[in-house]
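First comes the structure, then the notes that go with it.
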Amino acid sequence: MGRAFEFRKARKMKRWSAMSKAFTRIGKEIVIAVKEGGPDPDSNSKLRAVIQNAKAVNMPKDNIERAIKRASDKNLGDFKEVLFEGYGPHGIAILIETATDNNTRTVANIRSYFNKCNGSLGTSGSVEFMFDHTCNFRVAADGLDPEELELEMIDFGAEEVFVDDDGILIYAPFESFGAIQKELESRQIEILSSSFERIPQATKELSEEQVADIEKLLEKIEEDDDVQNVFHNMNDNITN
């Protein structure tokens, strides 16, 4: 098992434990996808992926359809995807993906969280290079041989394929998302969900007290309505 597997196994998905938060996040993703490629999922691959993710968290069909209809309204403002980079206390690198309709507000909020927790908001490129930008697909395992699937998907950019309790996971570089999505669909392999992640190239171990400092900052960031995802290079193992 490689680094993507260990990251997936260890990562705490606190932000999406609340169903309402997941629906809000996906609602924004639907708006962005529709604004970029139109409301028809048959011709909009990004929207197809978001709808799959909505179904994976049991978002009602009516909610999905309302979100698509709302996103098609020309009077609705656009959400802009903005990446924030910074350092928390104890030198922990943090990447924050946001979707905002008011960047001034979001910048001010994110900066205040860092300042209040002895961190610092960085400039573009100050932290991003420390993470690998990856994509992943979860597919139904029925009738599939994971090893055979891995060999077949390597040609389309896949780097890791492994099995967990909910299906087969395929990991690849960010740039391979479209090619893998197209190939899975052409083979009529059911895509249960897909997402993008930023996996730290190296992690940093902290003491229990230091972890508490980072958790305090992460909690403030994750509670912000404009925040979609948060990634960091803190190791989950606590040192003495």
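The values are calculated or read from the model by the stated rules, or taken from the named source; none is laboratory data. Here the structure is a predicted model, which is why all the values come from computation and not from measurement. Cβ: placed from backbone, ideal geometry, glycine included. Neighbour counts: every protein chain shown. When the accessible area is computed, the model is the full protein with side chains, heavy atoms only, and any ligands, DNA or RNA have been set aside. Shrake-Rupley method; radii C 1.70, N 1.55, O 1.52, S 1.80 Å.
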- State the Cα centre-to-centre distance between segment 65-83 and segment 87-135 in whole Å. 24 Å
- Under a 1.4 Å probe, counting only protein heavy atoms, Ser194 has an accessible area in Å², nearest 10, of 10 Å²
- Note on the structure: For Lys182, the lysines lying under 19 Å Cα to Cα, once residues fewer than eight places off in the same chain are dropped, come out as Lys46
- May I have the convex hull volume per residue, in Å³, for the Cα set of the chain? 130 Å³
- Message: What translational diffusion coefficient, to the nearest whole µm²/s, does segment 104-189 have by Stokes-Einstein, given a Kirkwood radius computed over alpha-carbon pairs, a temperature of 25 °C and 0.890 mPa s viscosity?
- Response: 159 µm²/s
- Straight distance only, please: which aspartates and glutamates reach the Cα of Lys80 with their own Cα at less than 19 Å, same-chain residues fewer than 8 apart left out? Glu29, Glu36, Glu97, Asp101, Glu128, Glu197, Glu222, Glu223, Asp224, Asp225, Asp226
- Checked against a 28 Å limit on the C-alpha separation, the offending pairs among Lys55/Lys116; Lys21/Lys69; Lys74/Lys220; Lys35/Lys216; Lys74/Lys216 are Lys55/Lys116; Lys74/Lys220; Lys35/Lys216; Lys74/Lys216
- Query: If you place +1 on the Cβ of every Lys and Arg, -1 on the Cβ of every Asp and Glu, and leave all else neutral, what size is the dipole of the chain about its Cα centre, to the nearest 20 Debye?
  - Reply: 1140 debye
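At 1.4 Å probe size, put Arg70, Arg198 in order of accessible surface, largest to smallest.
The residues order as Arg70, Arg198, largest area first.
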- Place +1 on the Cβ of every Lys and Arg and -1 on the Cβ of every Asp and Glu in segment 116-220, take the dipole about the Cα centre, and give the residue among Ala202, Ile189, Ser124 whose Cα lies farthest towards its positive end. Ser124
